[in-house]
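The block underneath contains the structure these notes are about, expressed in structure tokens.
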Amino acid sequence: MTTPLYIYDEATVKPWCSSRANEKKAWQSIALLDTHVDPLQAMQDAAQFGIKYVLLGICEDIGPRANLGNGGAEDGWHAFLKRFLNQPDNQFLANEKVLLLGEVAISDLTLAARDLSNQNPQQLMQLRELCAQLDERVEQVLSLIFAAGLEPIVIGGGHNNCLGIIRALSKYKQTVVNAINFDPHADFRDCEGRHSGNGFRYAYNEQHLGHYHVIGMHELKNNQAIIDALAAARFNYDSYQALQVRREKTLTEACQQALATLTHAPLGVEVDLDSISLMPVSAYTNCGFSVSDAEHFVHLAASQINSHYLHLCEAAPNQHPSGMQAGISDAGQIITALVNAYLQARDSSY
């Protein structure tokens with residue numbers, strides 16, 4: 001079976017790269033995959049040469065739209081690349097351990113979804129069917145990455161893509177996966193057809209998700225059925241109100257306490273960029289956490305020896321109040337900061 005993967009080569013990446021005299025950029029140290037070899041074999045070979053981390057994009061907004069939300073999440077990945085590839089290469093980041101793989105190949109799904117309205121019940125059902133097909137492709141690509149012994153950093157698209165990642169890791173490890181999620185939404189809605197609001201619920205129902213903890217869940221942005229379902233599954237959360245309004249504990253305390261309960265299985269590190277105030281995302285908010293809070297969350301979670309991936313989703317540059325270019329700038333800068341936090345923490349945790 002052909003892997004649904006668009007592998008980047010030098011010609012693909014070159015338009016995003018800039019140069020400066022007497023300064024080495026990240027793109028000059030990051031590896032690309034050998035396109036003439038089977039992808040799994042090429043990634044296994046890369047691992048033998050010291051590669052540990054794989055950058056993978058998912059350029060879609062099918063999941064958020066299937067959740068009755070806004071589009072635009074397909075642009076987060078390219079906003080990130082333009083910023084990340086052109087940052088200075090220095091002693092503080094091990095760019096030589098990073099492989100820029102490419103994107104999950106979904107152009108046919110994007111075309112099929114392009115003119116569908118989530119306000120039309122029949123077309124909403126079609127969007128959800130396309131989202132389920134997307135799940136399968138994400139799982140296929142992630143399965144290769146895990147089989148090669150590498151850690152994926154998955155960027156772009158909606159939070160629906162957590163399901164494909166968790167499925168792939170759970171099947172590879174032949175065990176349940178734990179997840180910690182920095183998110184105002186639990187994404188634990190009913191299994192009513194696939195969308196960005198129920199990925200963790202499907203993962204739980206399919207017995208791939210063992211334990212799940214939400215950091216920063218907003219008490220007034222989750223319906224009672226979601227809260228009841230979390231309780232029935234014995235999943236936990238620290239609410240935004242508990243941390244930021246009532247100040248019952250610090251963010252550090254909440255994360256450390258949660259992570260102490262998630263040590264017995266492979267751990268997924270999830271960040272919905274909706275959690276960050278003024279971030280251009282599918283669900284824009286003024287009432288969220290700071291970028292440095294999100295970086296700190298990633299640092300603490302990535303410092304766990306059982307962390308296996310980072311998933312950064314829902315960035316939608318077109319939702320920026322000042323327009324697309326401002327959105328690309330902000331999204332690129334913030335996603336890059338979170339990736340840097342993950343890479344620095346992981347490299348010091350080995």
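What to note about this one:
- Members of the range 228-239 found to be closer than 26 Å to Asn286 by Cβ, in a helix (DSSP H, G or I) and open to solvent by 40 Å² or more (accessible area, probe 1.4 Å), listed by number: none
- Those residues of the range 285-333 which are open to solvent by less than 20 Å² (accessible area, probe 1.4 Å) and part of a helix (DSSP H, G or I), in sequence order: Ala294, Phe297, Val298, Ala301, Ala302, Pro317, Gly327, Ala331, Gly332
- With respect to being closer than 28 Å to Asp190 by Cα and touching a strand residue (DSSP E or B) at 6+ places or on another chain (Cβ under 9 Å), Ile58 fits the description.
- Just one residue in the set Val214, Val281 is modelled with pLDDT under 95 and open to solvent by less than 60 Å² (accessible area, probe 1.4 Å); that residue is Val281.
- When residues in the range 75-91 are screened for being acidic (Asp, Glu) and either in contact with a Pro (Cβ under 7 Å, 6 or more places away or on another chain) or modelled with pLDDT under 95 (or both), 1 of them pass.
- Filter result for His195 (open to solvent by less than 10 Å² (accessible area, probe 1.4 Å) and assigned to a loop (DSSP other than H, G, I, E, B)): yes
- Matching residues in the range 228-243 - criterion: being aliphatic (A, V, I, L, M) and more than 20 Å from Gln257 (Cα to Cα): Ala229, Ala232
- Residues that are touching a Gly at 6+ places or on another chain (Cβ under 9 Å), in a loop (DSSP other than H, G, I, E, B), of a type in the set (A, V, I, L, M) and buried (at least 19 other Cβ atoms within 10 Å of the Cβ), drawn from the range 41-76: Ile58
- Checking each residue of the range 240-259 against the condition of being β-branched (Val, Ile, Thr) and surrounded by 20 or more Cβ atoms within 10 Å (Cβ to Cβ) gives no match.
- Identity of the residue in the range 1-37, without any contact (Cβ under 8 Å) to a residue 24 or more places away in the chain and more than 25 Å from Gln91 (Cβ to Cβ), that ends up least open to solvent (accessible area, probe 1.4 Å): Val37
- Summed over the range 1-23, residues that are part of a loop (DSSP other than H, G, I, E, B) and of a type in the set (A, V, I, L, M, F, W, C) total 3.
- Only one entry of Ala168, Ala147 meets the criterion of being modelled with pLDDT of 95 or more, open to solvent by 30 Å² or more (accessible area, probe 1.4 Å) and small (Gly, Ala, Ser), and that entry is Ala147.
The values are calculated or read from the model by the stated rules, or taken from the named source; none is laboratory data. All figures in this text were calculated on a predicted structure; none of them were measured in a lab. Note that we place each Cβ from the backbone using ideal geometry, even for glycine, and neighbour counts take in every protein chain shown. Just the protein is used for accessible areas: all its heavy atoms, side chains included, with ligands, DNA and RNA removed. Shrake-Rupley method; radii C 1.70, N 1.55, O 1.52, S 1.80 Å.
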